[in-house]
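The values are calculated or read from the model by the stated rules, or taken from the named source; none is laboratory data. Everything numeric in this text was worked out from a predicted model, so none of it was measured. All Cβ positions, even for glycine, are placed from backbone atoms using ideal geometry, and neighbour counts span all protein chains on display. For the accessible areas, the whole protein counts, side chains as well, though only heavy atoms, and no ligand, DNA or RNA atoms are used. Shrake-Rupley method; radii C 1.70, N 1.55, O 1.52, S 1.80 Å.
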Amino acid sequence: VGCNHNEDVAIFAVDSLRQLSMKFLEKGELANFRFQKDFLRPFEHIMKKNRSPTIRDMVIRCVAQMVNSQAANIRSGWKNIFSVFHQAASDHDETIVELAFQTTGHIVINTFQQHFAAAIDSFQDAVKCLSEFVCNAAFPDTSMEAIRLIRHCAKYVSERPQALREYTSDDMNVAPGDRVWVRGWFPILFELSCIINRCKLDIRTRGLTVMFEIMKSYGHTFEKHWWHDLFRIVFRIFDNMKLPEQQTEKTEWMTTTCNHALYAVCDVFTQFYEPLSEILLEDIFTQLQWCVRQDNEQLARSGTNCLENLVILNGEKFSPEVWNVTCSCMLEIFQNTSPHALLTWRPAGQDEEAAEGKHFEADFDSQSQSSYDRALSERGHSQMSSDDTWKGKSNARVSDQRLFAGLLIKCVVQLELIQTVDNIVFYPATSKKEDADNMAAAQRDALEQSEAEGEESLPDQGMYRHMTSAHLFKLLDCLLESHNFAKEFNSNNEQRTALWRAGFKGKSKPNLLKQETSSLACSLRILFRMYSDPKLQDSWPDIQTRLLLVCTEALSYFISLTSESHREAWNSLLMLLLTRTLRLPDDKFKPHASCYYPQLCEMMQFDLIPELRAVLRRFFLRIGSVFQIAAPDGAPARTPIS
């Protein structure tokens, strides 16, 4: 009758139900009875079936009155009450939503405080009901307030775990130790994850923040296997199947929610390293790799950034096995983000243009932009003469632009990764400071002394001391592979010109100079550090062989460069190489000096910066004294034999 189309009849029925229910509620409910569930079910039914705002409003008011006057006697009836409010939560009528939310808030703040044990059975329903209020996009203020109430529910679970443990019900198959999780924490964290997946940006951001706040505040009480369940929920945030279909929404989701979640996961991992390292580390690395592989620059940068923070903050607690996993993860990211297509890409219809392409073989670094524009416009006219070929080419260009955008992100990630390795091994800003000190020392021309002092005064905060030589060599291989790729690309003038003409990367021809120099600089820092590490004395011969090979190759490549700007990019790298070699003791300096001597002589003919000239001068002076080919100060030079 409460669903009757005639409102007067329905009102009469609902009022009769209210009076009847009140009578029943006054009697209370004995343990193990579920009578209240039955006599309150009609309110749920009417709320579900009757769309009349007047009747729905009346049902809410009746239930609110029962709560206000009979809260102490309600037991199994809480389930029906939350079900009625759950129906109201998704309504579009502000009065109904507001009225239902007021009573729900009153229950969570006051009634739970006094009668928590009686409401445990429907605690899950209460959280679900609050979640429904959050997800009603029409009332954002209510949404924010409902999230606050979910946060409040977490306080009850934390303060009254005993009540949850002792509560017995039909589902006795849950072990007593896990009841706090199953009845308390899990519903709260699960509903917050649903809010994150369902709501608009500002609401889901708040939900995400609260979710991680709860973990950070109460995580110390969680069991190991609870964490496992919890992170299965958390990682749904990164699940491709659940991401929005729309490209713009997907991009927004990645730059905001995924980004935020990534940093939060790493924070929680660091805070609870002991319980989480065994069960979670590989999953986190998988997630970081996923972030780096998405075509989203900010998310990719965040992935490498989080990897760096994670290792720097926890590296000293890593076991050798964990270091193995970490280095393998970096190796995989290096390989997955190497922009191989830069070397293999070919423009569409290249055969017809082969003859024309010969004009472009000259080095474009110095060619003016206007002549490039002119050449491009001429090509434009010739292509536009046939409509079909033009359409085909413009489609090819669209797909090229998509490819180029992805390649650009890979180039960025490679640079970020190199910086990450440097920051992990030597600690952030250490290398930058060393380069600045090298320059300053060369300007003062007081190289060895000031360098030796400077190095001792620096506290060793990097992870170098926690890593074995096998780990370092693994990273070294990544860096040198990245260096060789960049070198190959930078030397391939024809390919760079083709890419430039197709619109890759702006006003001048694309290059990977930064990748070429920073990867090698980091490799040299690692090798020189290992070469002077007393713990690795047995491996010094192998390290020396590797170092001589890398440095000789680098110097030979430098003297083969024809472009002034390219040589300039190598300044601080050469400073590093020569300064570090100069700092070696005589017995180690000798093989290096012998090996690099021809290249250093060749270097003399370039127009080098004053700082490099100062270091070279010192290098040759040292050669003179170490190999005893110069007279010591004050002694007369030997006269040559005629």
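The angle between the Cα long axis of helix 273-293 and the main principal axis of the chain comes to about 70°, on a 0 to 90 degree scale. With the gyration tensor restricted to C-alpha atoms of the chain, the semi-axes of the equivalent ellipsoid amount to 69, 34, 17 Å, longest first. Full extension of the segment from residue 216 to residue 9, taken as 0.36 nm per residue of separation minus the current Cα-Cα distance, would add 69.1 nm. For residue 201 and residue 468, a Förster radius of 60 Å and the Cβ-Cβ distance give a FRET efficiency of 0.85, rounded to the nearest 0.05.
How large is the convex hull of the Cα atoms of region 550-622 per residue, expressed in Å³ as a whole number?
80
Remark: spin-label model distance residue 39-residue 263 equals 5.5 nm, labels positioned 7 Å along the Cα→Cβ axis.
Ordering 78, 540, 290 by accessible surface, largest first, gives 540, 290, 78; the 1.4 Å probe counts only protein heavy atoms, with every chain in place. In this rough spin-label picture, where each label sits 7 Å from Cα along the Cβ direction, the residue 224-residue 297 distance is 4.4 nm. Angle of helix 186-198 to the longest C-alpha principal axis of the chain, folded into 0 to 90 degrees and rounded to 10: 70°. Once both labels are positioned 7 Å from their Cα atoms along Cα-to-Cβ, the gap between residue 69 and residue 481 label points is 7.6 nm. For the chain, the longest principal axis of the Cα atoms and the long axis of helix 513-531 meet at an angle of about 80 degrees.
Pairs exceeding a 22 Å alpha-carbon distance, out of 155/317; 433/514; 474/505: 155/317; 474/505.
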